1. Among the residues of segment B:241-255, is there at least one that is of a type in the set (Gly, Ala, Ser) and on the phi < 0 side of the Ramachandran plot?
2. I'd like the full set of residues that are more than 22 Å from the chain's Cα centre (by Cα), in a helix (DSSP H, G or I) and of a type in the set (A, V, I, L, M, F, W, C), limited to segment B:154-193.
3. Restricting attention to segment B:51-97, and to residues there that are over 22 Å from the mean Cα position of the chain (by Cα) and of a type in the set (Lys, Arg), which single residue is nearest to B:ALA288 (Cα to Cα)?
4. Go through the residues of segment B:224-231 one by one and say whether even a single one is touching a Phe, Trp or Tyr at 6+ places or on another chain (Cβ under 8 Å), under 30 Å from B:SER201 (Cα atoms) and either surrounded by fewer than 16 Cβ atoms within 10 Å (Cβ to Cβ) or at pLDDT 95 or above (or both).
5. So which pairs qualify, if the first residue must be in segment B:43-55 and within 14 Å of another protein chain (Cβ to nearest Cβ) and more than 17 Å from A:MET35 (Cβ to Cβ), the second must be of a type in the set (Asp, Glu) and surrounded by 10 or more Cβ atoms within 10 Å (Cβ to Cβ), the Cβ gap must be under 9 Å, and the two must be at least 6 apart or on different chains?
6. So which residues in segment B:115-147 are at the interface with another protein chain (Cβ under 8 Å from one of its Cβ atoms), of a type in the set (Gly, Ala, Ser) and under 20 Å from B:VAL240 (Cβ atoms)?
7. On the basis of being farther than 28 Å from B:LYS165 by Cβ and at pLDDT 95 or above, does B:ASN192 make the cut?
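The values are calculated or read from the model by the stated rules, or taken from the named source; none is laboratory data. Only a predicted model underlies this, so the values are computations on that prediction, with no experimental measurement involved. Cβ: placed from backbone, ideal geometry, glycine included. Neighbour counts: every protein chain shown.
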Amino acid sequence: MLRTNLTHILSEQEHAKLLQENENVMVCCGRMGPMCIPVYEVMEELENEYPHVKFADMEFDIPDARVIRDLPECRNFAGLPFVVYYKNGKVVKATSSIQSREQITSILDQYFGQEVKEAASK
Amino acid sequence: MNHYDAIIVGAGAAGLTAGIYLSRAKVKTLILNEGAVGGQMVLTHEIANYPGIESISGYELARNMKLQAQKFGAVIKSNIKITSFDLYSNPKRFIVNGKEEYTSDVVIITTGGRSRTLGVPGENEFKGKGISYCATCDGDFFQDKEIIVVGGGNSALEEASSLTKYASKVTIVHQFDHFQAFEHYVNEAKANPKIDFIMESKIIEFIGGEKLEKVKIQNQKTSEIFEKDIDGVFIFIGYVPNTEMFEGIIELNQYKEIVVDKNMATNIPGVYAAGDSIAKRYRQVTTAVGEGTVAALSAAEYLNKFEKAELAAEEVTS
């Protein structure tokens with residue numbers, strides 16, 4: 001299990017359940033490595049700012065992480081972590097390798113909406 | 001307004017150490033950090049030369065330092081953006097995220113450094129799709145594939161040898177006709193049958209579709225340009241100090257590193273600096289920790305004198 005304060009996805013079933021129960025989901029699939037840790041940290045901080053988004057992680061090396069690794073959107077990825085953004089269970093964006101807070105919030109705002117974020121925080 | 005005795009800018013080894021020392025001495029301390037806590041330390045998978053600890057991951061060491069600083073009372077704000085600041089005002093002033101104002105009597109700058117990039121066309125586009133800056137993170141994506149390692153220092157030569165565990169062939173591309181790395185790293189690479197060398201050359205463009213497919217390489221002597229098919233490129237060409245925000249404000253040297261004296265004092269009274277952003281030869285966790293300690297002790301002494309001066313001024317005016 002990854003040593004983060006995020007929701008951990010431990011199986012294919014948990015992954016499916018999370019997508020079913022949440023409209024907006026960001027999953028970071030990685031290891032406890034240098035390119036992954038900064039992304040987990042940003043996600044932990046964004047949990048309060050984006051209450052309408054479910055933030056979760058998944059260990060890259062467990063067999064069930066195939067739900068992320070084998071996505072067509074990740075086919076050409078060759079850098080950890082693989083980060084996948086889902087809306088209503090569908091992939092809307094995927095990124096490979098380290099991302100900054102600005103890059104992540106820009107994707108969240110673009111696909112999950114800033115107005116919704118503001119309304120949810122009221 | 002949020003006033004602190006000390007504001008530390010940066011939360012790597014130097015900043016966290018300064019935070020531990022100051023907060024333990026009951027100095028009200030705020031650490032502002034634009035990236036993730038730990039700085040370059042978290043980029044190290046294993047630290048085996050930190051005295052007293054046989055082996056620890058950079059992440060664990062950074063986490064321990066962060067918790068230690070917080071335990072003593074330091075406040076840490078990470079992943080923030082410093083939008084403006086004034087180091088000459090009294091108190092010194094920082095605006096964070098365009099709206100939050102923080103002031104302090106003393107400042108310690110520990111903004112560290114970051115991996116240098118090539119800055120050529122295609123580099124951003126293929127990051128994570130063939131271009132990597134971390135061999136231990138991404139090496140296994142290149143099992144039985146052909147890769148290039150760019151650089152000629154210790155990291156480049158060491159990682160090139162380590163990447164032969166995965167890759168079928170590793171080509172080192174280096175801009176000079178000799179390496180800056182220690183001799184044993186060079187000898188190890190030269191003795192490895194999977195490693196080839198393209199010297200006095202630079203990658204000038206990354207080319208591909210959905211992923212990296214080839215690179216354009218230019219010989220620095222002849223200017224001849226040729227293309228090479230490749231699956232991946234690992235870039236290890238050193239670090240640059242994170243000091244852009246201080247240009248024209250604090251004295252920097254020709255490499256944009258902050259110039260400090262033996263007490264880690266900069267040219268601005270009450271402003272100290274430590275860690276990878278200062279002018280120095282060796283960049284290690286242990287050196288950053290030592291400099292962070294000196295900066296904190298110097299800052300505490302400055303605060304003490306500052307307080308006495310303020311009291312004296314009050315007595316004169318009352």
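1. No, segment B:241-255 contains no residue that is of a type in the set (Gly, Ala, Ser) and on the phi < 0 side of the Ramachandran plot.
2. Correct list: B:LEU163, B:VAL186, B:ALA189, B:ALA191.
3. Here the answer is B:LYS71.
4. Yes, there is a match, as at least one residue in segment B:224-231 is touching a Phe, Trp or Tyr at 6+ places or on another chain (Cβ under 8 Å), under 30 Å from B:SER201 (Cα atoms) and either surrounded by fewer than 16 Cβ atoms within 10 Å (Cβ to Cβ) or at pLDDT 95 or above (or both).
5. B:ILE47/B:GLU60
6. The one that is at the interface with another protein chain (Cβ under 8 Å from one of its Cβ atoms), of a type in the set (Gly, Ala, Ser) and under 20 Å from B:VAL240 (Cβ atoms): B:SER132.
7. Considered against the rule, which asks whether it is farther than 28 Å from B:LYS165 by Cβ and at pLDDT 95 or above, B:ASN192 comes out as no.
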